[in-house]
Amino acid sequence: MLRAARGGARLLLPARGAGAAWGRRGPEPEPGPLGLPPHRCLPRRLLQGAPPPAPPPAVGRWLLACSGAVAGAVVLGGVTRLTESGLSMVDWHLVKEMKPPRTQQEWEAEFQKYQQFPEFKILNHDMTLTEFKFIWYMEYSHRMWGRVVGLAYILPAAYFWRKGWLSRPMKGCVLALCGLVCFQGLLGWYMVKSGLEEKPDSYDIPRVSQYRLAAHLGSALVLYSASLWTGLSLLLPRHELPATRQLLRLRQFAHGTTALIFLTALSGAFVAGLDAGLVYNSFPKMGERWIPDDLLAFSPVLRNIFENPTTVQFDHRILGIASVTAVTALYLFSRKIPLPRRTRMAVTSLLAVACMQVGLGISTLLMYVPTPLAATHQSGSLALLSMALWLMSELRHVPK
């Protein structure tokens, strides 16, 4: 209703409760936190009508796919090393080298570049162009696969980031993974350079530094483990296991066993870098002795651990035996604890893969390191590490 008031008009609103004329509004809404109106308390993305973030499994599946790509790179790198193909490409360009030689002239020019370096002069001086093409394509495949791995990390990470599907902790994890994959590529070229250097005082077969090879493999294993662990953490629901003393000991035992498996796999890089698998091809003894005479032949003594092929093979044997012993003890101890079915499967799978890996290692040694068997043994180390990480994921602590 309108009422005249001193030269103007004003609108009279009905009092509360008198909603017959205007329509009943109902009770006043309760104020939100801090006394703010309810609409001020809603998340901004809901007020703006933005879609909710994607479920975590989408990111988890991506990380598992990335870990599989890294595993493929590790296996392909091992085959490249076993076929002595890693020094066939004597320069490194991020984009330029993606186009392989096509004409006869281009292949001959590439072959001439290879002939300027120690591996051809000392080891492959009678190599033909056809043989060179084989080792060149092996190294080329490894490098191209490395670029695929980099893109598999970086491009989806940028997409998920832009979509707002990554939480703040996950952003830090993704940045670390992308940085590590870029570092891995640079470390690979740094490793290859060590095998291209002229060493006038050395008559040994040209090879990359075992230290750089171990660093290259170690960073790949860290990248693989971090991707697999994060992916499993996002995809597998946690078990609400009873917080007993035995379970705590089992969890600690699993962590220690996983670290031992990782160290054993890393020691394999020194075996590969020094061709230590060809020194003593007998088991369980090394030749006629349990402890060979040349175990500490180098001086100072510490050099033997990383530079003496006999000591490197001996250490790898001891670590392998210790790993399978730890896995067996872990399995036996877990039988005393009631565990969920999926966790029990993880423990059993870990024991099965450990036994398979020991059999592959002994067979590779006795048969003088044939390439297919040695490559399978190297792949088995990744499978064993994967089973250990799966078990650790199953035994994760559930926060209260």
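The values are calculated or read from the model by the stated rules, or taken from the named source; none is laboratory data. Fair warning: this is a prediction, and the values are worked out from it, not measured in the lab. Heads up, the Cβs are rebuilt from the backbone with ideal geometry, glycines too, and the neighbour counts pull from every protein chain shown. Accessible surface is based on the protein model in full, side chains and every heavy atom, while ligands, DNA and RNA are left aside. Shrake-Rupley method; radii C 1.70, N 1.55, O 1.52, S 1.80 Å.
Explain nothing, just compute: Karplus ³J(HN,Hα) = 6.51 cos²θ - 1.76 cosθ + 1.60, θ = phi - 60°, for every residue of the stretch 136-142 in order, whole Hz, x for Gly and Pro.
For the stretch 136-142, the Karplus curve yields 5, 5, 5, 5, 4, 4, 5 Hz.
How high is the FRET efficiency between MET345 and ARG61 when r is their beta carbon distance and R₀ equals 22 Å, given to the nearest 0.05?
Result of the calculation: an efficiency of 0.60.
So what does the Cα-only Debye profile of the stretch 177-223 read at q = 0.20, 0.31 Å⁻¹, as log10 I(q)/I(0), no solvent term?
Rounded to two decimals, the profile gives -0.64, -1.10.
If ligands, DNA and RNA are left out, what is the accessible area of CYS182 with a 1.4 Å probe, given in Å² to the nearest 10?
70 Å²
Run the quick spin-label model on TRP161 and LYS113: label points 7 Å from Cα toward the beta carbon, then report their separation in nm to one decimal.
Taking the simple label geometry, TRP161 and LYS113 are separated by 3.2 nm.
If ligands, DNA and RNA are left out, what is the accessible area of ARG61 with a 1.4 Å probe, given in Å² to the nearest 10?
The accessible area of ARG61 comes to roughly 140 Å².
What does the accessible area of ASP91 come to, in Å² to the nearest 10, when a probe of 1.4 Å is used?
40 Å²
When the Cα atoms of the stretch 178-314 are enclosed in a convex hull and the volume is divided per residue, what value in Å³ results? Don't skip to the end; give the middle numbers.
Values: hull volume 23.1 nm³, N = 137.
Cα convex hull per residue, to the nearest whole number: 169 Å³.
Roughly how many Å² is the accessible area per residue of the stretch 249-316, as a whole number, for a 1.4 Å probe?
52 Å²
Assigning unit charges at the beta carbon (Lys, Arg +1; Asp, Glu -1) and nothing else, what dipole magnitude in debye, to the nearest 20, does the stretch 63-158 show about its Cα centre? Intermediate values should be presented prior to the final figure.
On the way: 9 positive and 10 negative charges, 67 e Å.
Once rounded to the nearest 20, the dipole reads 320 debye.
Can you give me the long-range amide H partners of LEU87? Hydrogens built in the peptide plane at 1.01 Å from N, cutoff under 5 Å, separation of 5 or more residues or another chain.
none
For the stretch 86-136, run through the chymotrypsin sites (Phe, Trp or Tyr not before Pro) and keep only the ones in DSSP coil with at most 15 other Cβ atoms within 10 Å of their Cβ.
Listed in order of number, the matching sites are TRP92.
If I compute solvent accessible area with a 1.4 Å probe over the protein chains, what percent of it on the stretch 170-226 is carbon and sulfur?
Reported share for carbon and sulfur atoms: 67 percent.
Using the structure shown, list the pairs from LYS99/LYS121; LYS171/LYS336; LYS99/LYS163; LYS285/LYS336; LYS133/LYS199 with a Cα-Cα distance above 31 Å, or answer none.
Values: LYS99/LYS121 26 Å; LYS171/LYS336 40 Å; LYS99/LYS163 34 Å; LYS285/LYS336 35 Å; LYS133/LYS199 26 Å.
Checking Cα-Cα distances, LYS171/LYS336; LYS99/LYS163; LYS285/LYS336 exceed 31 Å.
Using a cut-off of 17 Å between alpha-carbon atoms, which aspartates and glutamates can reach LYS96, once sequence neighbours fewer than 8 places away in the same chain are excluded?
In chain and number order, the partners are GLU106, GLU110, GLU139.
How large is ³J(HN,Hα), in whole Hz, for each residue of the stretch 331-341 in order, when computed from phi with the Karplus curve 6.51 cos²θ - 1.76 cosθ + 1.60 and θ = phi - 60°, using x for Gly and Pro?
Per-residue couplings from phi come out as 5, 5, 5, 5, 5, 8, 10, x, 10, x, 4 Hz.
Counting heavy atoms of the protein chains only and a 1.4 Å probe, report the per residue accessible area for the stretch 157-246 as a whole number of Å².
That works out to 58 Å² for each residue.
Apply the Karplus parameterisation 6.51 cos²θ - 1.76 cosθ + 1.60, with θ equal to phi minus 60°, to every residue of the stretch 253-266 and state each ³J(HN,Hα) to the nearest whole Hz, in sequence, with x for glycine and proline.
4, 5, 5, x, 5, 5, 4, 5, 5, 4, 5, 5, 5, 5
Quick one: if you stick a label point 7 Å off each Cα along the C-beta vector at CYS182 and LEU366, how many nm between them?
Placing both labels 7 Å beyond Cα along the Cβ direction yields 4.9 nm.
How many nm separate the modelled label positions at LYS336 and TRP189, each set 7 Å beyond the Cα in the direction of the Cβ?
Between LYS336 and TRP189, the simple spin-label model gives 5.5 nm.
Of GLU307, GLU119, GLU198, GLU84, which has the most accessible area with a 1.4 Å probe, and how do the rest follow in descending order? Mind dumping the intermediate values first?
Values: GLU307 55, GLU119 15, GLU198 110, GLU84 80 Å².
Sorted descending by solvent-accessible area, the residues read GLU198, GLU84, GLU307, GLU119.
Which net charge results for the neighbourhood of GLU97, defined as the other residues with beta-carbon distances under 14 angstrom from its beta-carbon, given Lys and Arg at +1 and Asp and Glu at -1?
Residues near GLU97 contribute +2 overall.
Give me the distance between the Cα centres of the stretch 213-289 and the stretch 337-400, rounded to whole Å.
One Cα centre to the other: 9 Å.
Could you sort THR103, THR310 by accessible area so the largest value comes first, with the probe set to 1.4 Å?
Largest accessible area first, the list is THR103, THR310.
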